[in-house]
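Below is one structure, written out as structure tokens; comments come after it.
Derivation of every value follows stated rules applied to the coordinates shown; laboratory data play no part. Keep in mind that what you see is a predicted model, and the values were worked out from it rather than measured. Neighbour counts are summed over all protein chains in view; Cβ atoms, including those assigned to glycine, are modelled from backbone coordinates with ideal geometry.
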Amino acid sequence: MAKTTLDKMLNRHDKLIHSEAMKVVSHTQREKEEWVLHTLMVAGCETPFKFRRTQKYKSLAGARVNMTYYSDVEQVAGFDVDIFKIVRIKRA
């Protein structure tokens with residue numbers, strides 16, 4: 001059976017996690033220089049999911065999405081905050 005792009009990514013990068021049909025509770029978008037920073041909160045998880053793109057998207061609030069992501073730490077006001085960085089996201 002032929003491997004999909006997702007399977008190849010997951011095999012190549014052992015820290016990547018893939019989740020399907022996750023319900024988005026909140027989706028915020030804010031501009032920072034030439035990027036638009038997106039932050040998602042999903043049902044059943046208290047850690048934010050973040051990614052950036054060059055333009056705004058239609059809101060994903062209430063939608064189900066498939067995401068490929070990895071765990072990371074971000075410094076906010078001198079404190080370490082756990083986040084998930086999204087590598088790939090698609091509506092389910």
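Between their Cα atoms, which of Lys8/Lys58; Lys8/Lys56; Lys8/Lys50; Lys23/Lys56; Lys56/Lys90 are more than 18 Å away from each other? Show your work: numbers first, answer last.
Details: Lys8/Lys58 29 Å; Lys8/Lys56 29 Å; Lys8/Lys50 22 Å; Lys23/Lys56 20 Å; Lys56/Lys90 15 Å.
In this structure, Lys8/Lys58; Lys8/Lys56; Lys8/Lys50; Lys23/Lys56 lie more than 18 Å apart at Cα.
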Once every Cα of the chain carries one equal point scatterer and solvent is ignored, give the base-10 log of I(q)/I(0) from the Debye formula at q = 0.12, 0.14, 0.21, 0.23 Å⁻¹, two decimals. -0.40, -0.55, -1.13, -1.27
Please return the longest stretch of the chain lacking exposed loop sites, where trypsin sites (Lys or Arg not before Pro) count only if DSSP places them in a loop and at most 15 other Cβ atoms lie within 10 Å. 16-55
Who wins for biggest fluctuation among Ala77, Ala63, Ala43 in a Gaussian network model of the chain, springs between alpha carbons below 10 Å? Ala77
DSSP loop GluC sites (Glu not before Pro) in the stretch 9-92 with at most 14 other Cβ atoms within 10 Å of their Cβ, which ones? Glu33, Glu34, Glu46
Based on the alpha carbon coordinates of the stretch 46-92, what radius of gyration and maximum Cα-Cα distance (Dmax) apply, in Å? 12.2, 36
In percent, what relative contact order does the chain have, based on Cα pairs under 8 Å that are 6 or more apart in sequence? 27
Find out how many positive minus negative residues lie around Glu34, taking Lys and Arg as positive, Asp and Glu as negative, among other residues whose Cβ is under 14 Å from that of Glu34. +3
